[in-house]
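Below is one structure, written out as C-alpha cells; comments come after it.
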Amino acid sequence: MNTKYKKHLFKPYFLLPILILICSNGLAQNTLISEMEELKWEKVMPGIWKASFGKMGLNPMDYANKPKVDAIKALGDAPFPFAQDASRSLLTPNRASVRLPLSETEQIYGLGLEFEGINRRSEVYSLKVDHYGGIKGYTHAPVPFYISSEGYGVLINSSKRVKVHVGVGNRKDSALPERIDRTTGKNWPARPLSDAVEASVEGDGMEIYVFAGSTTLEVVQRYNLFFGGGVIPPKWGLGFWHRMHTASSDADVLKEIQDFEDKGFPLDVIGLEPGWQSFAYPCSFDWDSTRFPNPENFVQTLNQKGIKVNLWENPYVAPVSTMYKDISPFTGSHTVWLGEVPDYTIPEAQQVLLKHHQKNHLSIGVSGYKFDEVDGYDVWLWPDHATFPSGNDAVEIRQLYGMMMMDMFDRHFKEQNQRTYNLIRSAYIGASNHNFVLYSDHYDHEGYLTALANSSLSGLLWTPEIRSADSAEEWIRRFQTVSFSPLMMLNAWSSGKKPWSFPEVTDLVRNTIELRMKLLPYLYTAFYEYNQKGIPPFRAMVLESGFDTRETLAGGELDDAKNPYAEQKRLEVTDQYMMGPSILVAPVFTGQKERTVVLPEGNWFDFYTGEYAGNGETISIKTKLEEIPLFVKDGGIIPMLSTLDKDNPDQPLEVRLYGSKENAYLLYNDDGVSYDYERGEFSLIELKTTRDREGQLGGISKTLKSHKSSYGSIVWRWMTVPQ
C-alpha cells in the first residue's frame with residue numbers, strides 16, 4: 001500500500017466505543033424472534049384479550065364509547081385463536097413493533113376504508129389519515145383492525161401511524177418457504193409467503209386487542225360492541241339528502257324545495273355548502289347576511305316542511321369569525337388555508353366551538369353537520385412537526401382529529417336528547433357508535449362500491465354519494481347504488497345537478513328513491529341490529545354465511561415491461577354486498593349489459609319477481625336500466641311501507657316473504673328522533689312464518705313490546721309460491 005495515504009486511514013479500535021454504544025441502544029441489534037418479548041395477554045371480556053408494552057401517547061379509545069358488555073356476553077365465549085407464545089413485541093429507541101402468527105392459507109380483511117380489494121394478504125399498509133391518493137393505507141379512515149378468515153380480529157390501538165406488513169417480509173429466523181431459482185425454477189414468488197403479520201409505529205409502545213369468534217361476522221360484531229355497538233340514525237337521516245350549490249341563497253333553496261314538490265320527489269335533508277358562511281376556507285362558522293339575512297326564519301320554514309338543514313364546515317378558523325378571539329389561545333402553531341387549527345384535546349377549546357354552534361345553529365333548528373377537509377393532503381394540513389398548546393403530538397392529533405369532532409358533537413346532541421346524522425371525512429378506531437357517515441372527493445363508481453363493502457369490516461359507514469354523471473345511464477346507475485347505502489345523497493355543491501337533470505331517466509330515479517324509502521322499516525330494523533348486536537347494516541360478502549371466500553388468481557405471465565415480477569392479480573368479489581339480514585345488492589356500472597352475481601349457499605330469489613335465482617353458485621343476469629339487481633335469501637321477511645305518507649303515524653305495512661323456509665323476524669320501531677329508545681320506549685313486532693298441519697306456509701304477527709311509534713295494519717305478500 002502506498003504509504004502516502006497511511007495517515008488518512010481510520011484505526012479500527014477507534015470504532016469500538018461507537019459500535020458498543022450503537023448496539024446498547026438497539027440500533028444495530030440483530031434481534032431473533034426468540035429474543036423478542038412474548039406478549040402477555042389479559043382477558044378483558046368474553047372472547048376479547050388485551051396485551052400492551054411500552055407507553056401510549058393519546059389513546060384513541062378516549063374518543064370511543066363504552067362497551068355493550070351484556071351484548072358481548074350474549075355472543076358467548078371463545079378460546080384464544082392462536083398460540084399465545086407466538087405473539088411477540090420489540091421496542092427500539094425509535095419504534096415499537098409486534099409480530100403475530102399467520103397460517104399458510106389464512107386470509108386477512110379490514111384495515112379500514114379502502115377503494116381497492118378486500119383481501120389484504122401479501123400487502124403493506126401505511127395507515128395514515130389522508131385524502132385518498134392511491135397509496136395503500138392512505139385513506140379517510142385507516143383503521144388498524146384486521147380480520148382473519150380463521151375467526152379472529154386484531155386491533156393495534158395506537159394514535160401513531162401504524163404500518164402493517166400482512167404476510168409479507170420474511171425474517172431470516174422464521175419458517176421460510178422453499179427457495180426457488182427464478183431463472184430455472186417454476187412459480188418463483190416475488191412476494192415469498194410469510195408466516196406473520198408484523199405491525200409497527202414510530203413510538204414508545206402500543207396496545208393490542210384480539211377479538212375471537214366462531215365466524216368472521218361474529219368477530220366484527222364483537223369489535224363493534226366493544227365500542228358501544230352501532231348507531232340508530234334518526235329516520236329523517238335515512239331519507240333523501242340534497243346538497244345545494246355552494247353559492248345558493250335562502251331564496252335558491254326555497255325554489256329548489258318547491259321544484260322537488262312539483263316533480264314529486266321525496267326530500268328529507270337540505271345540505272348547505274361553504275357559501276352559507278360569511279367566509280369559507282378557512283371558516284367563519286357565521287351565517288352570510290346577504291345570502292341568509294334571517295337564518296332562524298329560514299331554518300324554521302324548512303323544519304315546518306319536514307326538511308332538516310345540514311351545514312358544511314371545515315375545522316379551520318378564520319380571523320373574521322365571531323368565535324376567533326375565544327378559540328385562538330387554543331390553536332396550534334401552523335394554519336390550514338390561513339385558518340387556525342383548534343386543539344380539541346383541550347376541553348376549553350371544545351366548549352368554545354360547541355357554545356358558538358349551539359347559539360348560532362342548533363338553537364334555531366339546524367340538525368347536523370358535514371365536516372370536510374379533516375383528512376387532507378400534507379400540502380394542505382399542518383406538518384408533522386407542528387406544535388399544539390396541549391403538548392400533544394401533531395401526528396397523533398391528525399390521526400384522531402375526526403374522532404374528536406365526532407365525539408364532542410355526538411355528546412352535545414345526546415345531552416339534548418336529540419339524534420343526529422352527519423357526514424365526515426376522517427374516522428379511526430371505534431367509530432361505529434358515532435352518528436357520522438364517511439364520503440370522499442374520489443369519484444370512481446367501482447371504487448365507491450368497494451369502499452361500501454370494506455367499511456363494514458372496520459366499524460364504519462360509507463356513502464357512495466352522487467355528484468354528477470356523463471350520461472343518463474351513469475346517472476341512474478349511481479342513484480341506484482347510493483339509494484342502497486347508509487346515506488342517500490345527491491351532492492350538487494359544484495355541479496348544481498337535480499335528480500331530474502337527465503329527463504330520460506327522471507321517473508327511474510324517482511322510483512329508485514321511493515323504493516329505498518319504502519324499505520325504511522327493514523333498514524331501520526337493520527340499524528337496530530347494528531346497535532344491539534353489532535351487525536353492520538351494509539356488509540361485505542365475506543361476512544355472509546355460506547359465501548365462498550376462496551380466492552381466484554389471474555395473470556402472472558412474465559413480461560419485462562408490463563409484469564417483470566410475474567405477479568398474479570386477485571379476482572375478488574367487491575361489487576356486491578348484503579343489506580340487512582336477507583337482501584343481497586348487486587349494483588350495475590355504466591355499460592354493463594349483463595353481470596355476474598355470486599350467491600352464497602342456500603336458495604336465493606329475485607326481489608322484484610320472487611323467481612328462484614340460484615343456490616351457492618355464480619349466476620349471470622341481464623341488466624335492466626330500471627332496476628338495481630336485488631336478491632333475497634330463502635325465508636327472507638321484508639317489511640315495507642305501503643305508502644310514503646310521512647304525516648301518517650300508523651303507516652300500513654306490506655310484508656314480503658321469499659322462498660319456503662320458516663323464519664322469524666323482529667321488526668323494530670321508535671319515535672325516530674330522540675334517545676328515548678335507550679329508556680325502553682320502542683316497539684317490537686315478531687313477524688313469523690310457520691307451516692300448518694297441511695304443510696301450508698302462513699304468516700303471523702305478534703306485538704312483543706308496544707309503543708306509540710308502532711306501525712299500522714300488516715298485509716302479507718308471498719313473492720314465491722309456498723312449497
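The values are calculated or read from the model by the stated rules, or taken from the named source; none is laboratory data. In this text the structure is predicted, and so the values were computed from the model without any measurement. Ideal geometry is used to build each Cβ from the backbone, glycine not excepted, and the neighbour counts take in all protein chains shown.
Couple of notes before you dig in:
- For G391: the one exception among (1) touching a residue at least 24 places away in the same chain (Cβ under 8 Å); (2) more than 27 Å from D268 (Cβ to Cβ); (3) part of a loop (DSSP other than H, G, I, E, B): (1)
- Residue in region 56-69 that is without any contact (Cβ under 8 Å) to a residue 60 or more places away in the chain, crowded, with 18+ Cβ neighbours inside 10 Å and not in a helix (DSSP H, G or I) present: no
- Near pairs, Cβ below 8 angstrom, 6+ apart or cross-chain, from region 178-190 (exposed (fewer than 10 other Cβ atoms within 10 Å of the Cβ)) to any residue that is not hydroxyl-bearing (S, T, Y): D181/W188; K186/I180; N187/I180
- Output for region 336-388, where each listed residue is assigned to a strand (DSSP E or B), within 20 Å of S440 (Cα to Cα) and in contact with a strand residue (DSSP E or B) (Cβ under 8 Å, 6 or more places away or on another chain): G368, Y369, K370, F371
- Taken over region 223-238, the criterion of being farther than 30 Å from I270 by Cα and touching a helix residue (DSSP H, G or I) at 6+ places or on another chain (Cβ under 6 Å) is satisfied by L225 alone.
- The helices (runs of 4 or more DSSP H) falling completely within region 445-519 that include 2 or more residues that are of a type in the set (V, I, T) map to 472-483, 506-518.
- Selected residue (only one of S126, S122, S103 is closer than 22 Å to V542 by Cα, of a type in the set (S, T, Y) and touching a Gly at 6+ places or on another chain (Cβ under 6 Å)): S122
- Unique match (being at pLDDT below 70, part of a loop (DSSP other than H, G, I, E, B) and farther than 30 Å from P521 by Cα) among A561, A566: A566
- Residues that are aliphatic (A, V, I, L, M) and closer than 16 Å to A175 by Cα, drawn from region 76-101: A83, A86, L100
- For region 239-252, the set of residues classified as assigned to a helix (DSSP H, G or I) and in contact with a helix residue (DSSP H, G or I) (Cβ under 6 Å, 6 or more places away or on another chain) consists of D250 only.
- Matching strands (runs of 3 or more DSSP E) fully within region 86-132 where at least 1 residues are out of contact with any Pro (no Cβ under 7 Å at 6 or more places or on another chain), under 16 Å from V164 (Cβ atoms) and without any contact (Cβ under 8 Å) to a residue 40 or more places away in the chain: 123-129
- Residues that are in a loop (DSSP other than H, G, I, E, B), exposed (fewer than 15 other Cβ atoms within 10 Å of the Cβ), at pLDDT below 95 and in contact with a strand residue (DSSP E or B) (Cβ under 9 Å, 6 or more places away or on another chain) are absent from region 672-689 altogether.
- Contacts under 8 angstrom Cβ, first residue in region 573-599 being farther than 15 Å from F547 by Cα, partner of a type in the set (S, T, Y) and assigned to a loop (DSSP other than H, G, I, E, B), 6 or more apart: V588/T623; T590/S471; Q592/T623; K593/T623; E594/T623; R595/T623
- Of the criteria (1) at pLDDT 95 or above; (2) surrounded by 20 or more Cβ atoms within 10 Å (Cβ to Cβ), which one E415 fails: (2)
- Flag if S333 is over 30 Å from N417 (Cα atoms), among the small types (G, A, S), without any contact (Cβ under 8 Å) to a residue 40 or more places away in the chain and surrounded by fewer than 22 Cβ atoms within 10 Å (Cβ to Cβ): no
- Inter-residue pairs, beta-carbon under 7 Å, first assigned by TED's automatic domain parsing to the domain that holds G137 and within 22 Å of A64 (Cβ to Cβ) and in region 451-470, second of a type outside the set (A, V, I, L, M) and part of a loop (DSSP other than H, G, I, E, B), 6+ apart: none
- For K136, the stated conditions do not hold, so it cannot be described as under 18 Å from S458 (Cβ atoms), of a type in the set (D, E, K, R) and in a strand (DSSP E or B).
- Some residue of region 249-258 being assigned by TED's automatic domain parsing to the domain that holds Q304, modelled with pLDDT of 95 or more and buried (at least 20 other Cβ atoms within 10 Å of the Cβ): yes
- Among the candidates S289, S321, residue that is without any contact (Cβ under 8 Å) to a residue 12 or more places away in the chain, in a loop (DSSP other than H, G, I, E, B) and polar (S, T, N, Q): S289
- Scanning region 520-546 for residues that are in contact with a Ser or Thr (Cβ under 8 Å, 6 or more places away or on another chain), outside any helix (DSSP H, G or I) and modelled with pLDDT of 95 or more returns G534, P536, F538, R539, A540.
- Failed item, numbered, when L75 is tested on (1) closer than 17 Å to I156 by Cβ; (2) within 24 Å of the chain's Cα centre (by Cα); (3) among the aliphatic types (A, V, I, L, M): (1)
- Number of the exception - N59 against (1) within 24 Å of P192 (Cα to Cα); (2) touching a strand residue (DSSP E or B) at 6+ places or on another chain (Cβ under 9 Å): (1)
Residue-by-condition table, conditions (1) of a type in the set (A, V, I, L, M); (2) under 14 Å from the mean Cα position of the chain (by Cα); (3) not assigned by TED's automatic domain parsing to the domain that holds R411:
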site	(1), (2), (3)
Y439	no, yes, no
G447	no, yes, no
I476	yes, no, no
S485	no, yes, no
V509	yes, no, yes
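- When T345, T335, T387 are checked against the criterion of being touching a Gly at 6+ places or on another chain (Cβ under 7 Å), closer than 24 Å to Y138 by Cα and not small (G, A, S), a single residue qualifies: T387.
- Pairs with Cβ under 6 Å, 6+ apart, first in region 652-666 and touching a residue at least 60 places away in the same chain (Cβ under 8 Å) and assigned to a loop (DSSP other than H, G, I, E, B), second of a type in the set (A, V, I, L, M, F, W, C) and crowded, with 16+ Cβ neighbours inside 10 Å: Y658/F605; Y658/V632; Y658/M719; G659/F605
- Residue in region 263-271 that is touching a Lys or Arg at 6+ places or on another chain (Cβ under 6 Å) and not in a loop (DSSP other than H, G, I, E, B) present: yes
- Which numbered condition I429 fails, given (1) in contact (Cβ under 8 Å) with a residue 40 or more places away in the chain; (2) more than 14 Å from N65 (Cβ to Cβ); (3) in a loop (DSSP other than H, G, I, E, B); (4) not basic (K, R): (2)
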